[in-house]
Every structure is written in structure tokens, then in C-alpha cells.
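The structure appears right after this line, and notes come after that.
The values are calculated or read from the model by the stated rules, or taken from the named source; none is laboratory data. Everything numeric in this text was worked out from a predicted model, so none of it was measured. Backbone-built Cβ (ideal geometry, glycine too); neighbour counts: all protein chains shown.
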Amino acid sequence: MQRIAILGLGRFGTTLAKSLGKSDVEVIAIDRNPNLVTAVKDDVALAVRLDSTDEEALLSQDLQNCDVCVVAIGENFEGALLTTATLKKIGAKRIICRAQTTTHAEIFQSIGADDIVQPEIETGNSLARRLANPQFQDLIELAEGYSLIDIRCPVEFRGKTLSQLQLRTKYQVNLVALKRTVTVQKDGELIQTLRITSVPKPDDVMQPDDVLVLVGSHESLERLPRG
């Protein structure tokens, strides 16, 4: 069984931890906020309150032997940077960092991050993976055999609710987020903007331009409908 540590339990980290917890993955969820730790403790193998910049604290949880460590800290860039550096120092096998900007992404990479989660920018490697899997818009490998992907709503999903799709039952994948382009009024003008829903409702109806962010094994993801 793969071991994945999620450091930082904001919206992104919590959703990722809970989704991976539903798969055949041992998830270690970490944050210094006790309320956030408590909120995920029933959904993961282990939820721990600790300072992710503390080397001894990370070693106490054997994070150096996890298959992947995901630094999901979003707002506190300094904390995310120190966490990444500490993980690198203890010999973490693979570090994936969530970056808010291109500059942040470059800094994370310069100190040893193995991969960056930055949906606004597509790297050459992600493009190559997407071309190899045409139904995927983006793909991030979380651990051996498991990935997080963006997939445009397949034709046979359109017009159906999430509860009707039964993604976990039929495909053994978990929905992390739903991306949808919506029209809003700003300064008297109608503009289109991207809305990301981290906790979609069961009665949400899938639209043609929706993008589903899914987590699952490679085999399960490849069974998803194409086109």
C-alpha cells in the first residue's frame, strides 16, 4: 500500500486527503491547527497535529519513508517553503508542492520539489502525459499507480447529476473538485470566469465544458469514458 503525506489541511489539502483516504492508499494528514486535524481524522489512516517545519516532528512520523509528500499549504508561502526544505533535508522520497504563482513554483523547484501543482500553467511533462492520455487535460502522479487528473466532462456524463454518475461505484475514482466556467456581472459588464467547487453537490448536473478533477489508480482512470 502506498503512503502519502498531506501537509496543510486547507481546502485543497483536506479534499485531497479525504479523497485519497477513500482509495487503497495510507494517508497521513498533517496540520498545526487541531480543528483541521480533527475534521479529517475519520477519513484517513492517521491525522496528526504538528509543525511541518520542525525536522524532529516530521521524522517522528517517518515521513522520509512516505512514497509522496504533498505540501498543500496555500496562503503561508514561507511556511510552505520551510516545510519543503525540511522534507528535503530528511530525505523525503518525492515532494509535490502547491504553488500560487510562477515565481513560487520556480522557488519550490530550486529547493528540490519534484513536482508542482499549479493548474494555471502546463509544463512540458504534463503536456506529454496528457497527449499520451487524450481524455486527460492534466495529470499529476501522486504515487506509484495513483494520479490526480483533470478531465473534460465526457459526452455520456453530460446532463447527469453526480449521484447518477456513481463515480466511486462504477469507476473506483474520487471527485476532488469541479471546474466550471460561469458568466458573472462585473462593473456593468458580463464576463466569464472560472469557478472551482471543492465540494460538489450530489445533484449538480454535469455540463459540456465542465472539468472534473479526479483521483484514482491509473487503471481506474483509464477506464473513464473518452470523448
Original post:
Pick from region 1-26 the residues that are modelled with pLDDT of 85 or more and basic (K, R): which of them is farthest from the chain's Cα centre (by Cα)?
Top reply: R3
Subject >> Selection count where residues are part of a strand (DSSP E or B), farther than 23 Å from I140 by Cα and in contact (Cβ under 8 Å) with a residue 40 or more places away in the chain, scope region 186-227 >> reply: 1
**OP:** With the checklist (1) in contact with a helix residue (DSSP H, G or I) (Cβ under 6 Å, 6 or more places away or on another chain); (2) at pLDDT 90 or above; (3) of a type in the set (S, T, N, Q) in hand, flag the one item N65 doesn't pass.
**Re:** (1)
Subject >> Breaking point among (1) without any contact (Cβ under 8 Å) to a residue 12 or more places away in the chain; (2) crowded, with 21+ Cβ neighbours inside 10 Å; (3) of a type outside the set (F, W, Y), for D42 >> reply: (2)
Subject >> Residue count for region 51-91, restricted to those that are crowded, with 23+ Cβ neighbours inside 10 Å, among the small types (G, A, S) and touching a residue at least 60 places away in the same chain (Cβ under 8 Å) >> reply: 2
Original post:
Just wondering, is there one or more residues in region 42-57 that are under 19 Å from L148 (Cβ atoms) and among the aliphatic types (A, V, I, L, M)?
Top reply: yes
Original post:
Can you find even one residue in region 26-37 that is of a type outside the set (S, T, N, Q), surrounded by fewer than 22 Cβ atoms within 10 Å (Cβ to Cβ) and without any contact (Cβ under 8 Å) to a residue 24 or more places away in the chain?
Top reply: yes
Original post:
Which residues, counting only those in region 137-168, are within 12 Å of G216 (Cα to Cα) and either touching a Phe, Trp or Tyr at 6+ places or on another chain (Cβ under 7 Å) or not in a loop (DSSP other than H, G, I, E, B) (or both)?
Top reply: L139, I140, E141, L142, A143, Y146, S147, L148, I149, D150, L167, R168
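Among the residues of region 169-185, write down those that are in a strand (DSSP E or B), among the aliphatic types (A, V, I, L, M) and closer than 27 Å to I4 by Cβ.
Step one: of region 169-185, the residues in a strand (DSSP E or B) are 174-185.
Now narrow it down to the ones that are among the aliphatic types (A, V, I, L, M): 175-178, 182, 184.
Within region 169-185, L175, V176, A177, L178 qualify.
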Original post:
What number of residues within region 159-183 are in contact (Cβ under 8 Å) with a residue 24 or more places away in the chain and within 19 Å of K22 (Cβ to Cβ)?
Top reply: 13
